[in-house]
Each structure stands twice: as structure tokens, then as C-alpha cells.
Amino acid sequence: MHPKKVIVTGGAGFIGSHIVDRCLLKGWETIVVDNLSKGEVENIPIGAKFYHADIRSHEMEMIIAKEQPDVIVHQAAQTDVQYSINEPLEDASANILSTIRILELAVKYGVQKFVYASSAAIYGTPEEVLINESHPKHPMSGYGVSKYVPELYISTYAKLYGLKYGILRYANVYGPRQASDGEGGVVAVFVDRLLRGEKLIIFGDGEQTRDFIFVEDIADANIAAILSEHNVIVNIGTSQPSSINRLVSSLQDCCEVKTRVEYRPARAGDIMHSCLDNQQAIIQLGWEPKVRLEEGLWKTYSHRLSQMKQMAKSAAHT
Ligand SMILES: NC(=O)c1ccc[n+]([C@@H]2O[C@H](COP(=O)([O-])OP(=O)(O)OC[C@H]3O[C@@H](n4cnc5c(N)ncnc54)[C@H](O)[C@@H]3O)[C@@H](O)[C@H]2O)c1
């Protein structure tokens, strides 16, 4: 479909703000709803309309009723795995109940399509080298459960009310604007430590692998899901596992900065290998990842470097 108006929940956050960039480039009227619990006003691209609101609040209904969007791209979520284990009720409320509420509003106000940010966390410990969409869903945290249950509600709403949808299961996303304190934000953490000249800490022998995907590729996948005529449930990753050791050496090479690397014992419960098979996204969405790891790392590093220089300049003026 070709929408005129799109609401992006969590559009002040890392991934959401890049999706907003792409929607604006498409010429779509783009509206951000974010409670700024994690996101930053500075992340919101110029040209987007912003509502500082919680998606669970009554204001959300007023926003959807007033704006009448064609599409809702739902990125807002509680994303901390440890928090979901410590506070499962809060996590379920933030991720499951809030999504049901937005689905209700979507149906009530005639939204045509719902695009949802799911996660590789729904699969749990991989049983195959490459995880495809039919891999068993055995999440290992409240977060994995609370990202998966909304998928079931979304496809049920499609059956009950004809709501169209795109469900995108992201791998490990990295890129500019990612907070360095976040879960899964290993690239952001390493980039910050490199810039401060601090050692990089690796848990285990560094041969564990992850599927690192650049945030602009994720944003493109969301646009493809909006434009698609079909309902899709697809992995969005690279199909290319990268070890943490490779990540570190690529980062140090492409940024031409070296710091010491310290190896510490592996943490209990850490998954050894995780990589999403992206074949279905290629077939069903006509999407594929474009940004190579080295290029993405360089873009992430350069962005953070100029941000830090800017911060230092502002501090010097105050
Ligand atoms: N970053 C990753 O590697 C990754 C991987 C898989 C899935 N995801 C999913 O992608 C989505 C975006 O993640 P991100 O990494 O950009 O996280 P983020 O924390 O940067 O962005 C989430 C945004 O949602 C906002 N938000 C949270 N709760 C809200 C609420 N109740 N009301 C309004 N706004 C609220 C936050 O302020 C933040 O701006 C999430 O749904 C996450 O589960 C992320």
C-alpha cells in the first residue's frame, strides 16, 4: 500500500527514528509518539510531528482519532532483557497489553496496516545454524515472550478484522543513535569505549557469533513491509554470523583506533551462536541488507565521534 500518513511509536528511539527518516523521504506525513523513557527529542527527524505521550495512556486514543493514520509502525517497547526477568508484570504490560491496546485503536479508527518490531529473542537457543521463521519459539526471558505474544494477537486481529500487517523479527541491530547502555548494544558500547581509549571487555573466548544488521537496513525493511500488498512474518538479518572477535578487529581496523581487549569468563545463559536466515524477507519483501559490517561500523563510529566533539564544544561554551 502507499500511505499518506504514518504513526511511528517509539520514533524518538534508536530504530524508530531511522524509520521516521525513511518515511519522510518517501514524502509521507509522519507522526512520532514516544514517552521519552529511552528516546531523545534530538533523535526525532525534522519534519516529523511529535506527541510526547505514553502508548498506554488515554492520549493515545485522542492522537489516533485526530490523526487518522493509514499505517502504525509499532517500535515502542520495553527492551531490557534483565528488567523483563526482574519485573515480568511490568514487561508484559509494556509490551503485550500496550500492543493489544494499539491494535484495538487501529481497528476502531480504520488503520489499514500494522507493522511490528519483533525480535530474534522469540526463538530462544538456536537449534540450527541459521534460524528460519518456522524455528521453534522457546524464548528464554520475559522479553522474548512479550515480543512473541503480540505477534499472535496481530495475526488474530488480521483474521478477525482484516487488519493488514508486517511482522519483522530483527537480529542484533546497530548504528548511529543507539544508546550504549542498552541490551544488545555491544557495538555502541565498544564504540564508546574505543573513543574514550578504554579497554574492550569480551565475555568468553570471543568466538561466539551474532547477526549484526545496520539500522538503515532495518528501516528499509520497514518501508518494504509498509509498501507490501501481503501480510508477512519475516526475519530481518544478514544471514552472516560474525564473531565478537571479528567485530572487534573490524572496528579497530576501520576506525584506526586500537585499545586493549580483556577476556572474562563467559556469562551464564549467553547463547553461543545466533544468526537469522533472511531468505523469506528477500523473497516476500524484495528487501535485502545493503550495508556491509565494516561500512556500518565506520558510519556508527563517525557519527558518535562527531556527537562527542559537539558535546565537548557545547561544554566548553558553558
Ligand atoms: N535494538 C535491537 O537490536 C533490537 C533487536 C530486536 C528487536 N528490537 C525491537 O525494536 C524496537 C525498537 O528498539 P530500539 O533498539 O530502537 O529501542 P529504543 O529504546 O531506542 O526505542 C524504543 C523507544 O520507545 C519509547 N517507548 C518505550 N516505551 C514506551 C511507551 N510505553 N510509550 C511511548 N514510548 C515508549 C522509548 O522512549 C524509545 O524512544 C523495540 O520494539 C525492540 O523490542 C530491537
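The values are calculated or read from the model by the stated rules, or taken from the named source; none is laboratory data. Because the structure is predicted, anything quoted here is derived from the model rather than measured. Cβ coordinates were reconstructed from backbone atoms using ideal geometry, including for glycine residues, and neighbour counts include every protein chain displayed. Heads up: the accessible areas ignore ligands, DNA and RNA and are worked out on the full protein's heavy atoms, side chains in. Shrake-Rupley method; radii C 1.70, N 1.55, O 1.52, S 1.80 Å.
Laid out as a table, the results:
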{"quantity": "Residues of region 163-207 satisfying the condition of being part of a loop (DSSP other than H, G, I, E, B), within 16 Å of the ligand (Cβ to nearest atom), in contact (Cβ under 8 Å) with a residue 12 or more places away in the chain and not basic (Lys, Arg)", "calculated": "Ala171, Gly175, Pro176, Gln178, Ala179, Ser180, Gly182, Glu183, Gly184"}
{"quantity": "Region 83-99 residues that are open to solvent by less than 80 Å² (accessible area, probe 1.4 Å), paired with ones that are acidic (Asp, Glu) (beta carbon under 6 Å, 6 or more apart)", "calculated": "Ser84/Asp91"}
{"quantity": "Residue in region 73-89 that is among the charged types (D, E, K, R) and closer than 27 Å to Gly162 by Cβ present", "calculated": "no"}
{"quantity": "Positions within region 101-113 being within 13 Å of the ligand (Cβ to nearest atom) and of a type in the set (A, V, I, L, M, F, W, C), in sequence order", "calculated": "Ile102"}
{"quantity": "Close pairs (9 angstrom Cβ cut-off, 6 or more residues apart or separate chains): free of Cβ contacts under 8 Å to residues at least 40 places away in the same chain in region 17-34, of a type in the set (Phe, Trp, Tyr) anywhere", "calculated": "Ile31/Phe50; Ile31/Tyr51; Val32/Phe50; Val32/Tyr51"}
{"quantity": "Some residue of region 66-80 being open to solvent by 40 Å² or more (accessible area, probe 1.4 Å), away from the ligand (no atom under 13 Å from the Cβ), farther than 21 Å from Met1 by Cβ and in contact with a helix residue (DSSP H, G or I) (Cβ under 8 Å, 6 or more places away or on another chain)", "calculated": "no"}
{"quantity": "Candidates Asn43, Asn35 - the one that is at pLDDT 95 or above and touching a Ser or Thr at 6+ places or on another chain (Cβ under 6 Å)", "calculated": "Asn43"}
{"quantity": "Region 136-157: number of residues that are touching an Asp or Glu at 6+ places or on another chain (Cβ under 9 Å) and assigned to a helix (DSSP H, G or I)", "calculated": "5"}
{"quantity": "Which numbered condition Lys258 fails, given (1) free of Cβ contacts under 8 Å to residues at least 60 places away in the same chain; (2) in a helix (DSSP H, G or I)", "calculated": "(2)"}
{"quantity": "In region 36-56, residue farthest from the ligand (Cβ to nearest atom) [restricted to those that are open to solvent by less than 60 Å² (accessible area, probe 1.4 Å), in contact with a strand residue (DSSP E or B) (Cβ under 7 Å, 6 or more places away or on another chain) and in contact (Cβ under 8 Å) with a residue 24 or more places away in the chain]", "calculated": "Ala48"}
{"quantity": "Residue in region 284-291 that is open to solvent by 60 Å² or more (accessible area, probe 1.4 Å), in contact with a strand residue (DSSP E or B) (Cβ under 9 Å, 6 or more places away or on another chain), small (Gly, Ala, Ser) and part of a loop (DSSP other than H, G, I, E, B) present", "calculated": "no"}
